[in-house]
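Rule-based calculations on the coordinates, nothing more; no lab input. Remember, predicted model here, so these are calculated numbers, not experimental data. Neighbour counts are summed over all protein chains in view; Cβ atoms, including those assigned to glycine, are modelled from backbone coordinates with ideal geometry.
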Amino acid sequence: MFLLVTATEQEMQPLTERLAETPGWLPFVAGVGCLETAVNLTRFLSETSIPIQAVINCGIAGAFVDSGPGLLDICLAQSETQADVGVWMASGIIDFDTIHIPTQFPLSTPLRTKAQAILSAHGQKPWIGPFVSVLAVSGTLNRGETLRTKHQAICENMEGASVARIALDFQLPCLEIRSISNMVIDRDLSQWQLASAIQRLAQTMAILLPELLAQP
């Protein structure tokens, strides 16, 4: 059984509609942000009697300018980094120099490779690269540029690092797939395409998940 994780019901609803006839997966809305996700997903995986084979983290993201992806593009994560752990300095956030806190987490390469091949076979070319997770969404172009250059990241979200970290702990393969709802610029909600990005994600998952479940 694959566990599909989203942050919100808004992101999950189109998935359940499009995948209603596809067996072999469970929906799980973990909540917005790393803390809610960590608590709720860990509790579920600890208590469920359903055998979970893999976790797929689905959602929207903000793409960094000049990182490649544009609005409504699909992205697959190579890794996740909790990007705002450290010391806040005038020049930005720097790593702790007194204590080591793990902040970067890999995602399943075999699962991502399968997903990329399936989407490519259907004429889709997802962007692939490092993602970052943040506690506070970036509201300025300058902060986005800082995160992009420090982590060589292509987009930001609020939950991915938590899901990746928990999947590692439970020894579950993890795939993260996101649709770009906005560019990380000086905040202007009039330029966001939230609803369209959610629908694009659902369309992509309707192609991807049945074939992914069918593979060994």
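At-a-glance table
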item	result
Packing-based exposure ordering (other Cβ within 10 Å, fewest first) of Glu17, Glu80, Glu159	Glu17, Glu159, Glu80
Theoretical FRET efficiency, 1/(1+(r/R0)^6), r = Cβ-Cβ of Leu72 and Leu213, R0 41 Å, to 0.05	0.95
Dmax and Rg, reported as Rg then Dmax, of region 83-181 (C-alpha, Å)	15.1, 49
Mean separation of Cα contacts under 8 Å (6+ apart) over length of the chain, as relative contact order %	31
Ascending count of other beta-carbon atoms within 10 Å, so fewest first, for Arg148, Arg187	Arg187, Arg148
Scattering curve values for region 1-111, log₁₀ I(q)/I(0), Debye with Cα scatterers, q = 0.12, 0.18, 0.19 Å⁻¹	-0.57, -1.16, -1.25
Cα centroid separation - region 81-114 against region 175-213, whole Å	23
For region 1-45, fraction of C-alpha pairs farther apart than 13 Å, in %	53
Cβ-placed point charges (K, R +1; D, E -1), dipole of region 2-214 about Cα centre in debye, nearest 20	360
Region 137-190, relative contact order in percent, only Cα pairs under 8 angstrom and at least six apart counted	57
Semi-axis lengths, Å, the chain, gyration tensor of Cα atoms, sqrt of 5 times eigenvalues	27, 21, 15
DSSP-defined antiparallel bridges as percent of all bridges, the chain, nearest 5	30
